[in-house]
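Down below is the structure, laid out as structure tokens.
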Amino acid sequence: DQVSKTVGKSRPAIANALRLLNLPDEILNLVNTAKISAGHGRTLLSFKNPDDMLVWAKKCVTDDISVRELERIAYVDAVTGGNNYESFKKKLRDRNVSGYLISMDIHSFKIVNSICGVAKGDEALRWISENIRGVVGYNDISGHINADRFVIFFADDKINKVIRKIETINLQLIKVSESLKIPKIQPYFGVTKWEPGKKVEEAYGEANFAKNRIKERKDVLYQIYSQADTERIVEEKQMEDNFYRDLNDNHFEIWYQPKYAPKTNKLVGAEGLVRWRRENNEIIPPSKFIPLFERNGMIKALDEYVFREVCTHQRRWLDEGKKIVPISINLSRASLYFESVVKRYHDIARRIGIYTHLVPIEITESAAVDNDEIKSIADKFHGNGFPLLVDDFGSGYSSLVTLNMKCFDTLKIDKSLIDYIGDSNGERLLVHTIALAKELGICVTAEGVESQEQVEFLKNIDCDSIQGFYYSKPLPLTEYEMLLD
Ligand code: C2E
Ligand code: CA
Ligand code: CA
């Protein structure tokens, strides 16, 4: 802070200036007592004693370099010789035009440093910087932040033109890797709108936010920032933060959607579907949180909770002398992926006192055929007496291999296939799929059945059971209970 006051500049600017100074011997001696760490080819100084820093800086300012010179140096990027972030910010603030601010990063740039050496890496950064400067126009600004991070401002209100410039930079950089004979330089960009008066740091933060969303996606070149995305991310963060607390406090409820046999119109089963009741009593459907929990792994705890709850309810109804039907539960791919999963579920059912055949397990087709490991887990579940259902059959790339996996007892035909009823080709597809399944000894449940016409059709082709709004929506516990004799 003292140094900053001395030359009136911010800390990063000072740090940058100090890096660029040619150090006189006596100062070098002083520096030698300070910690010098070399990272990514640049030498960073840090002093044990802040006073040493002050002495050093004052010395530089009075002896060698004028404040003006120091200022000039403070705005020049050490590696590329172009704008650094300080300079970029200053220039953008001074420029009174709207446009787009772009944050640029390079996929796995550290490979260049580690394979080709840091000197080559720095050379590549200089080339990259020059190529960017070749694309930016008179009114645009570009700068180097640090490492492989760059920032660009395009003074253009037309997003299409900005994207074209981004694409040009991308093509230029591929050529850079060719001429330098280094691994492919593949940039990715975050883009946000800029208006005069907006804080540069804020805009840069937005562009970074957008950019980081495609960090793992080498097939996407740029991402445009949107407020809605931020809101969604904030919402997801809140859901993650509240998850374990709400799970403990029983804020997750199981709703039951009955399955009926079309021939007799009798209740033959149900599916347990999770709902999240928030503090304000609002009910959140699974589509809002399951994909998130599948990504972050929390689904494992949730699926187990649902299973436990269903077993507990089944047990209570038995104790009350009710005639129960099997209630299937859903297991996400992530829930299948741990060593003792089968034993764990089997133990839970045993402890609660429920036969495993009363709690069948639904696995989506894509998870089931995915790999041998899951196949063997499915086999184990089956071996432990859990009936297995292929969920969402026909919603993605369906495969006849699924039908031939011996462990599946029931095929759940997805709503998207049921919606074919009324179309002659689609109907034939259904007729033959169901016939094939039955010939292999597999039962068939139709999902998402909404109309009388669909029920009639399915009844005529011997579909075993139907789950859909035609019969019933998913019901809260007390309403489902009333269906049991
Ligand atoms: P799913 O397993 O395919 O469940 C069926 C979904 O279709 C349910 O939506 C149900 O309400 C809806 N549905 C049923 N009949 C009809 C109909 O006639 N018309 C229409 N338009 N929709 C119908 P829900 O309850 O919102 O569940 C959505 C998905 O969330 C489920 O799809 C399942 O993949 C997942 N899910 C629900 N609970 C759990 C859970 O405990 N664990 C896991 N891993 N996933 C769950
Ligand atoms: Ca399901
Ligand atoms: Ca389904």
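The values are calculated or read from the model by the stated rules, or taken from the named source; none is laboratory data. On a predicted model such as this, the values are computed, not experimentally measured, just so you know. Positions of Cβ are backbone-derived with ideal geometry, glycine not excepted, and every protein chain shown enters the neighbour counts. SASA here: full protein model, heavy atoms, side chains in, ligands and nucleic acids out. Shrake-Rupley method; radii C 1.70, N 1.55, O 1.52, S 1.80 Å.
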Study note, to complete from the structure: By residue number, the members of segment 357-378 that are within 16 Å of ligand 3 (Cβ to nearest atom) and either in contact with a helix residue (DSSP H, G or I) (Cβ under 9 Å, 6 or more places away or on another chain) or part of a helix (DSSP H, G or I) (or both) are ILE361, ILE363, THR364, GLU365, SER366, ALA367, ALA368, VAL369
Point to revise | Top-ranked residue in segment 269-308 [being crowded, with 18+ Cβ neighbours inside 10 Å and among the aromatic types (Phe, Trp, Tyr); ranked as farthest from ligand 3 (Cβ to nearest atom)] | key: TRP276
**Study point:** Members of segment 383-402 that are under 32 Å from the mean Cα position of the chain (by Cα), more than 14 Å from ligand 1 (Cβ to nearest atom) and open to solvent by 10 Å² or more (accessible area, probe 1.4 Å)
**Key:** TYR397, SER398, SER399, LEU400, VAL401
Revision key, fill the gap. In segment 310-335, residues that are within 16 Å of ligand 2 (Cβ to nearest atom), in contact with a strand residue (DSSP E or B) (Cβ under 7 Å, 6 or more places away or on another chain) and outside any loop (DSSP other than H, G, I, E, B) total 5
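In segment 407-415, is there at least one residue being more than 16 Å from ligand 2 (Cβ to nearest atom) and either open to solvent by less than 20 Å² (accessible area, probe 1.4 Å) or without any contact (Cβ under 8 Å) to a residue 12 or more places away in the chain (or both)? I'd like the intermediate steps shown before the answer.
Taking segment 407-415 first, the residues more than 16 Å from ligand 2 (Cβ to nearest atom) are 407.
Narrowing the set further to residues that are either open to solvent by less than 20 Å² (accessible area, probe 1.4 Å) or without any contact (Cβ under 8 Å) to a residue 12 or more places away in the chain (or both) leaves 407.
Looking through segment 407-415, at least one residue is more than 16 Å from ligand 2 (Cβ to nearest atom) and either open to solvent by less than 20 Å² (accessible area, probe 1.4 Å) or without any contact (Cβ under 8 Å) to a residue 12 or more places away in the chain (or both).
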Review point. Restricting the search to segment 321-344, which residues are touching an Asp or Glu at 6+ places or on another chain (Cβ under 9 Å) and closer than 24 Å to GLU481 by Cβ?
Key: LYS322, LYS323, ILE327, SER328, ILE329, ASN330
Review point. Quick check, is ASP219 outside any helix (DSSP H, G or I), open to solvent by 50 Å² or more (accessible area, probe 1.4 Å) and at pLDDT below 95?
Key: yes
**Study point:** Failed condition for GLU362, given (1) in contact (Cβ under 8 Å) with a residue 60 or more places away in the chain; (2) within 18 Å of LEU477 (Cβ to Cβ)
**Key:** (2)
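Residues checked against (1) in contact with a His (Cβ under 9 Å, 6 or more places away or on another chain); (2) closer than 30 Å to GLU216 by Cβ:
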| position | (1), (2) |
| --- | --- |
| ALA261 | no, no |
| TRP276 | yes, yes |
| LYS300 | no, yes |
| ARG344 | no, no |
| TYR355 | no, no |
Review point. Do you know which of the residues in segment 343-379 that are open to solvent by 30 Å² or more (accessible area, probe 1.4 Å) and β-branched (Val, Ile, Thr) is farthest from ligand 2 (Cβ to nearest atom)?
Key: ILE352
